[in-house]
Amino acid sequence: MNNYASPLRSAHRVRQNNEIAALQALYRNGSLSRAQLAREMGLNRSSSGDIIADLISNGLVRQVDEKSPNPQGQAKAGRPGILLELVPDAACFVGIEIGVEHITTTTIDLATNVLQHRVLAFRGTATALESAVQQGIDQALQNLPPNLLERCEGVGLSAPAQIDLQGRIRSAPLLGWEETDLAEIARRALPIDVPIVVENDANAFALGEGYTRKEAQTGVTLFLVIESGVGGGVLINGELFRGAHGLAGEIGHMLVPDDQGREIESLLGLDHLLSQYCSNIGHNDCSFDSLLTDVRDRVPQAVLIADEWARYLGLLLRQASCIIDPNRIVLGGSVSALYPLVAARVASYLGLGEATHFALPEIIYHDDAEKGSAFGAACMLHQRFLSLNSSRILDAT
């Protein structure tokens, strides 16, 4: 019996691969001529023409006039060239970060432009899981225009949680969550039927921070999110390293080298800082912003707290460097705003014992609030859309 379906399926799959290659090339480069896009796809202009025509017909790609000047800075003579680019509002992707003190939501378009970004105060320890998820979804979709909601291609959720390789939350001690399917809870709460992904907040931050870079990422980067605790994610040559059980990078659980059995993250998080600060200045109502102000103003009580924080951060980074040997360490999260004020102290503590011959990594403070864990969670859906796992591709298979 002859099987005529196999060649047809194979040809269909090749076409889908070429569509994805075209979308990825336009995302990486911003805009390309037809000839340039054909070269990026590894096809001739004739073979790529039908692919491009379909993408234009489906509203994912559009033609625009070339506006860039020539190398001498003067406009080109004659008719402008025609370029191809993604249609930004052809799709949107929603990211939700459920933290301990706040819920952050970010929506991006097909060009990964941030359409909206909201941060609202939240009492994670006093809110049930289902209510927290519903609040995050309501916050994300509240001001999304109906026409954009119709083009939503997925929702990503991130949280300070241990998440296994199957996407289930094993434990989120800061929020009081245990053994739960966060994606299923979100699926029941969402008013639309779209793909859902769940990720640890530090891993989402790591993925998002590198996703919009045009140059290829090389080496090892450790990403830390310092909020109520310390979350960690590791990228190796641009790929997320998850470890054997999906829990790699959680260096905040390292123990302080004393006999009290404390985890280092307990001494770096917001609650510990504010508790010390309120005690030192004799107030019950203190804010992190006022602590930062006092550190800048060299108020002795605040400087002592900042120096202790720098010492424990330096200790943590030194131990992590011995284990992971990163090229760079990126600090994110609200509490990391303290780092620029004590960077020299962190460097001195990190450099202690330099005779171990471990190279000191570059430390980068990430201060773009819009490009945090919620942004990374949205980028995970964007990445999926530009792959063969896109629901647009799967539904057509």
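A short reminder: the numbers here are calculations on the coordinates, not readings from a lab. Treat the numbers as computed from the prediction; the structure is a model and nothing was measured. Note: ideal-geometry Cβ built from the backbone for every residue, glycine included; neighbour counts use all protein chains shown.
Along the Cα-to-Cβ line of A121, 7 Å from the Cα, sits a label point; which residues in the range 214-253 have backbone N less than 20 Å from it? Correct set: 227-229.
With a 10 Å Cβ neighbour count serving as the proxy for reagent exposure, in which order, fewest first, do W177, W309 appear?
On the way: W177 21, W309 26.
Final ranking by Cβ density, sparse to dense: W177, W309.
With neighbours defined as other Cβ atoms within 10 Å of a residue's Cβ, the residues M380, M41, M254 order from fewest to most as M254, M41, M380. The alpha-carbon atoms of the range 170-329 define a convex hull whose volume equals 182 cubic angstrom per residue.
Of the GluC sites (Glu not before Pro) found in the range 128-233, those in coil by DSSP whose Cβ has at most 13 other Cβ atoms within 10 Å are E150, E215.
From the gyration tensor of the Cα coordinates in the range 105-168, what semi-axes in whole Å does the equivalent ellipsoid have, largest first, with each one equal to sqrt(5λ)? Provide the component values of the computation, followed by the final result.
Details: eigenvalues 106, 52, 24 Å².
For the range 105-168, the semi-axes come out at 23, 16, 11 Å.
Across the chain the C-alpha pair distances fall into 10 Å bins from zero in the proportions 4, 20, 27, 23, 15, 8, 2, 0, 0 percent.
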